[in-house]
């Protein structure tokens, strides 16, 4: 891979549109810092999603490609296969990745595509008004389950990391959080490692990031952070679910 030594400032100066207390912006910063530190800003290409982060192309100072709802892994696959020397990352929410884009997600992982997936899990559809998502917690209220999600009516939340870890091809799978400084720093290390894997042609890496949605959770920003710490992590435990680099050292 061609090395680019001049670091590119990866975040633009545009004011972000996210709601107060939403931690999308934190994850944007972690991605930007990782790319800057690795010196690959000039060869990076991001895939912007449908959903709250639909305007991600306004914030990252690199080439960006918009994708139809759920299709970002397919778009990333095409770009990476045509431009093998580029660093390609996908940014998707839970409705985008785990609902309409579930097939693209699973098959890109099964093929072991050499791309980096950043999966934003706020357990609800944010931009479209707070509908139940595949990741909505049991008992959590949404506009389409106003009394709270139940197993009988809606089934269980989908745990993407655990499911994808059953596949042979993925190289690195980890779930992290943004609810306090300690966990933000852990998230940074995971995201940077996922990019390093792609630089070293290791294959498919996905980092699931638990983030807040104070607006649709009907909470203050402080309450939303506590919701992740006290409730969300019970359903979506943090940790590494697959890391084939450990197999290589045996």
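Every number in this text was worked out from the coordinates using simple rules, so none of it is lab data. These numbers were taken from a predicted model, which means no experiment stands behind them. Every residue, glycine as well, gets a Cβ built from its backbone with ideal geometry; the counts of neighbours run over all protein chains shown.
In the chain, what is the volume of the convex hull around the alpha carbon atoms, normalised per residue and reported in Å³?
Cα convex hull per residue, to the nearest whole number: 120 Å³.
Once every DSSP H run of n ≥ 4 in the chain is given -39500 (n - 2.57) and the sum is divided by its residues, what mean residue ellipticity at 222 nm do you get, rounded to the nearest 500 deg cm²/dmol? Please list the in-between numbers first.
Numbers: 9 runs with 80 residues, N = 250.
Mean residue ellipticity at 222 nm (helix-derived): -9000 deg cm²/dmol.
Distance from the Cα centre of the stretch 50-68 to that of the stretch 191-250, in angstrom?
Between the Cα centre of the stretch 50-68 and that of the stretch 191-250, the gap is 20 Å.
Report the extension gain between residue 246 and residue 100 in nm, rounded to one decimal, defined as 0.36 nm multiplied by the number of residues separating them, less their alpha carbon distance. Show your work: numbers first, answer last.
Details: separation 146, 0.36 × 146 = 52.56 nm, distance 3.28 nm.
So the extension gain works out to 49.3 nm.
Suppose we keep just the DSSP beta bridges with both residues in the chain; what percent of those would be antiparallel, to 5?
Details: 6 of 31 bridges.
For the chain, the DSSP antiparallel bridge percentage is about 20.
Averaging sequence separations of C-alpha pairs under 8 Å and six or more residues apart, then dividing by the length of the chain, give the relative contact order as a whole percent.
Numbers: 521 pairs, mean separation 47.9, N = 250.
It rounds to 19 percent for the chain.
What's the FRET efficiency of residue 166 with residue 17 using the Cβ-Cβ distance as r and R₀ = 22 Å, to the nearest 0.05? Please report the intermediate quantities before stating the final value.
On the way: r = 37 Å, r/R0 = 1.67.
Efficiency, from the Cβ-Cβ distance: 0.05.
Can you tell me how much longer the chain between residue 66 and residue 107 gets when fully stretched, taken as 0.36 nm per residue apart minus their C-alpha distance, in nm with one decimal? Mind showing how you got there, number by number?
Values: separation 41, 0.36 × 41 = 14.76 nm, distance 1.99 nm.
Contour length minus the Cα-Cα distance gives 12.8 nm.
At 37 °C and 0.692 mPa s, what whole-number value in µm²/s does Stokes-Einstein give for the translational diffusion of the stretch 192-250, with Rh from the Kirkwood sum over Cα pairs?
Answer, rounded: 236 µm²/s.
Can you pull a Stokes-Einstein diffusion coefficient for the stretch 122-223 at 4 °C (1.567 mPa s), Rh from Kirkwood over Cα pairs, as a whole number of µm²/s?
Numbers: Rh = 15.3 Å.
My calculation gives 85 µm²/s for D.
Residues in the stretch 42-83 near a label at residue 154, defined as backbone nitrogen under 13 Å from the 7 Å Cα→Cβ point?
Counting only backbone N, you get no residues.
In µm²/s, what is D for the stretch 1-129 at 25 °C and 0.890 mPa s, where D = kT/(6 pi eta Rh) by Stokes-Einstein and Rh is the Kirkwood radius from Cα pairs?
165 µm²/s
Using r as the Cβ-Cβ distance of residue 147 and residue 226, and R0 as 22 Å, what FRET efficiency do you calculate, to the nearest 0.05?
Details: r = 23 Å, r/R0 = 1.03.
So, using R0 = 22 Å, E works out to roughly 0.45.
Shape call for the stretch 27-98 from the C-alpha gyration tensor, a ≥ b ≥ c root eigenvalues: rounded (a/c under 1.5), prolate (a/b greater than b/c) or oblate? Present the calculation step by step, with values, prior to reporting the outcome.
Details: a/c = 2.02, a/b = 1.22, b/c = 1.66.
Cα axes put the stretch 27-98 in the oblate bin.
Who wins for biggest fluctuation among 146, 186, 65 in a Gaussian network model of the chain, springs between alpha carbons below 10 Å?
Result for the chain, Cα springs under 10 Å: 146 fluctuates most.
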